[in-house]
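> This is the structure I have questions about; it appears just below.
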Amino acid sequence: MFSTKPYDCNFLSAGNAASLTGHELVFVDNRLRIETVRLAAGCQAVCAFVNDHLDGPVLRALHASGIRYIAMRCAGYNNVDMAVVRELGMRVARVTAYSPYAVAEHTVALLLSVNRHVPRAVARVRDGNFSINGLMGTDLHSKTVGVVGTGIIGSIFARIMLGFGCQVLAYDIKHDAGLEAAGVKYVTMSEFLPQAHILSLHCPLLPSTRHLLNADTFPMLPAGAIVVNTSRGALIDAKAAIQSIKCGHLGGLALDVYEEEAELFFDDHSSDNIQDDTFMRLISFPNFW
C-alpha cells in the first residue's frame, strides 16, 4: 500500500478486517516509483494513489517481482501506462464511484471562498483587522456558469448552480438529457468560453484536455471571470493562468489540484523552502484560493 497516510492505514485496516478473505497489508508512506519498487518484494499486489508512478519501467519491475494486480485508490488512472499493463497481462482496478456530492459541494465551497474573499477575511479577523475594504464579491445569481464535463460530479454541480439562480452552460462530448430538461444548455467551446462568468472543470485528463485553459483560451473568458478546478491539475496551464491574473483579466482562480502537485500535496511542507516558483507565485495572488 504505497503513499499511505495515517488515515489510509485506519480505513484500509478496518475494511480489511471486515472482509471475508482478509489480506496481509504492508503500509508504505513512500510514493511508488522505480526507486521504491523493491519495497513491494514478496507481495502479490500493490495499491497506489494519484501521485504514484506506474510508467513502463515501474510496471515491468513490478511484473518481474511477481506482481500481477494493481489497485488504484482513486478514480483516475492517467498515471498508469495501460499499454504496458496490457502487454504484461496485468490487471488494474480503480475506484469507480465515491460520493460525487462531496466533490461538487467542495467545488461550490471553493467558488464561494474565492468570490467572497473568505480566506482573506478570516486571516484579517485573526489579526484583529475588521476592515472590509477589498472584500466585496459579486452575486452568483443571474451569472452564467460554464461546466466542462457533465459526468456525475459535473451534473450535480450544474444542478446546484441552477439552484443559485444561474444560467448554466455545458460542454461535453455527451449530452445529459436530464440536465437539458432542467435548463442546462449545451454549446460549443467557442460559444461557451466568452459567456462563462464562472467556469468549473469536471473532465478527465486526456491528451485532448491537457492545458484546456491556456494562453489562447484564458483571454476568451469574460473579464473578471472565476475559474474553479477540482478535476485534474494539468487541465490548466498554470503559467498562463498567472499571466491572466497579472494582467487583471482573470478575476479569481480556485484550485483543488495543481499540475505539479506530486511533490507538494498530501505532505507537510510548512517548514520547507518550497522550490516550485510557479506555485509560490500563484498563492501570492489575493484572488487565488
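The values are calculated or read from the model by the stated rules, or taken from the named source; none is laboratory data. Quick caveat, the model's predicted, so the values are computed rather than measured. Don't worry about glycine lacking a Cβ; one is built from the backbone with ideal geometry, like all the others, and counts go over all protein chains shown.
> Working only within the range 119-158, note down all residues that are in contact (Cβ under 8 Å) with a residue 24 or more places away in the chain and among the aliphatic types (A, V, I, L, M).
Passing the criteria: 140, 145, 147, 148, 152, 153, 156, 158.
> For the range 253-272: of the residues being at pLDDT 80 or above and of a type outside the set (Asp, Glu), which is surrounded by the fewest Cβ atoms within 10 Å (Cβ to Cβ)? Steps first, please.
Here is the first cut: in the range 253-272, the ones at pLDDT 80 or above are 253-259.
Pick out the ones that are also of a type outside the set (Asp, Glu) and you get 253-255, 257-258.
Details: 253: 24, 254: 21, 255: 23, 257: 17, 258: 20.
Looking at residues that are at pLDDT 80 or above and of a type outside the set (Asp, Glu), I get 257.
> Among the residues of the range 176-205, write down those that are in a loop (DSSP other than H, G, I, E, B) and free of Cβ contacts under 8 Å to residues at least 24 places away in the same chain.
Quick first cut of the range 176-205, residues in a loop (DSSP other than H, G, I, E, B) only: 176, 183-184, 187-188, 196-197, 202-205.
Answer for the range 176-205, where residues must be in a loop (DSSP other than H, G, I, E, B) and free of Cβ contacts under 8 Å to residues at least 24 places away in the same chain: 183, 187, 188.
Per-residue answers, yes or no, for (1) in contact (Cβ under 8 Å) with a residue 60 or more places away in the chain; (2) outside any helix (DSSP H, G or I); (3) not hydroxyl-bearing (Ser, Thr, Tyr):
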position	(1), (2), (3)
209	no, yes, no
227	no, yes, yes
241	no, no, yes
253	yes, yes, yes
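> Out of 205, 212, 112, 135, which single residue is in the same structural domain as residue 245 (by TED's automatic domain parsing), surrounded by 21 or more Cβ atoms within 10 Å (Cβ to Cβ) and in contact with a helix residue (DSSP H, G or I) (Cβ under 9 Å, 6 or more places away or on another chain)?
Sole residue among the options that is in the same structural domain as residue 245 (by TED's automatic domain parsing), surrounded by 21 or more Cβ atoms within 10 Å (Cβ to Cβ) and in contact with a helix residue (DSSP H, G or I) (Cβ under 9 Å, 6 or more places away or on another chain): 212.
> Which of the numbered conditions does residue 99 fail, given that it passes all the others? Conditions: (1) under 22 Å from residue 147 (Cβ atoms); (2) touching a residue at least 12 places away in the same chain (Cβ under 8 Å).
Just one mismatch for residue 99, condition (2).
> Further question: Tell me the residue from 178, 151, 163 that is surrounded by fewer than 17 Cβ atoms within 10 Å (Cβ to Cβ), of a type outside the set (A, V, I, L, M) and under 17 Å from the mean Cα position of the chain (by Cα), please. Before the answer, list the steps.
Values: 178 fails: under 17 Å from the mean Cα position of the chain (by Cα); 163 fails: under 17 Å from the mean Cα position of the chain (by Cα).
Among 178, 151, 163, only 151 is surrounded by fewer than 17 Cβ atoms within 10 Å (Cβ to Cβ), of a type outside the set (A, V, I, L, M) and under 17 Å from the mean Cα position of the chain (by Cα).
Rundown of residues vs (1) charged (D, E, K, R); (2) within 19 Å of residue 52 (Cα to Cα), yes/no style:
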site	(1), (2)
250	no, no
256	yes, yes
263	yes, yes
269	no, yes
274	no, no
278	no, no
285	no, no
289	no, no
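> What about residue 47, is it outside the structural domain of residue 150 (by TED's automatic domain parsing), of a type outside the set (Val, Ile, Thr), surrounded by 18 or more Cβ atoms within 10 Å (Cβ to Cβ) and assigned to a strand (DSSP E or B)?
Details: outside the structural domain of residue 150 (by TED's automatic domain parsing): yes; of a type outside the set (Val, Ile, Thr): yes; surrounded by 18 or more Cβ atoms within 10 Å (Cβ to Cβ): yes; assigned to a strand (DSSP E or B): yes.
For residue 47, the condition - outside the structural domain of residue 150 (by TED's automatic domain parsing), of a type outside the set (Val, Ile, Thr), surrounded by 18 or more Cβ atoms within 10 Å (Cβ to Cβ) and assigned to a strand (DSSP E or B) - is met.
> Any residue at all in the range 27-37 that is among the aromatic types (Phe, Trp, Tyr), surrounded by 13 or more Cβ atoms within 10 Å (Cβ to Cβ), at pLDDT 95 or above and not in a strand (DSSP E or B)?
Residues of the range 27-37 that are among the aromatic types (Phe, Trp, Tyr), as a first pass: 27.
Add one more test, that the residue is surrounded by 13 or more Cβ atoms within 10 Å (Cβ to Cβ), and what stays is 27.
Next, from what is left, pick out any that are at pLDDT 95 or above: 27.
Then keep just the ones that are not in a strand (DSSP E or B); that gives 27.
Scanning the range 27-37, I find at least one residue that is among the aromatic types (Phe, Trp, Tyr), surrounded by 13 or more Cβ atoms within 10 Å (Cβ to Cβ), at pLDDT 95 or above and not in a strand (DSSP E or B), so the answer is yes.
> Need the failing condition index for residue 185 against (1) touching a Cys at 6+ places or on another chain (Cβ under 7 Å); (2) surrounded by fewer than 19 Cβ atoms within 10 Å (Cβ to Cβ); (3) not hydroxyl-bearing (Ser, Thr, Tyr), just the number.
For residue 185, the exception is condition (1).
> Might you let me know whether the range 82-90 holds any residue that is at positive phi and of a type outside the set (Val, Ile, Thr)? Reasoning before the result, please.
Step one: filter the range 82-90 for residues at positive phi, giving 89.
Remaining after also requiring of a type outside the set (Val, Ile, Thr): 89.
Yes, the range 82-90 has at least one match.
> Go over the candidates 104, 75, 71 one by one and state the one that is surrounded by 14 or more Cβ atoms within 10 Å (Cβ to Cβ), touching a residue at least 12 places away in the same chain (Cβ under 8 Å), within 26 Å of residue 233 (Cβ to Cβ) and assigned by TED's automatic domain parsing to the domain that holds residue 161. So that I can check it myself, show each step before the final result.
Details: 75 fails: assigned by TED's automatic domain parsing to the domain that holds residue 161; 71 fails: assigned by TED's automatic domain parsing to the domain that holds residue 161.
Going through 104, 75, 71 in turn, the sole match is 104.
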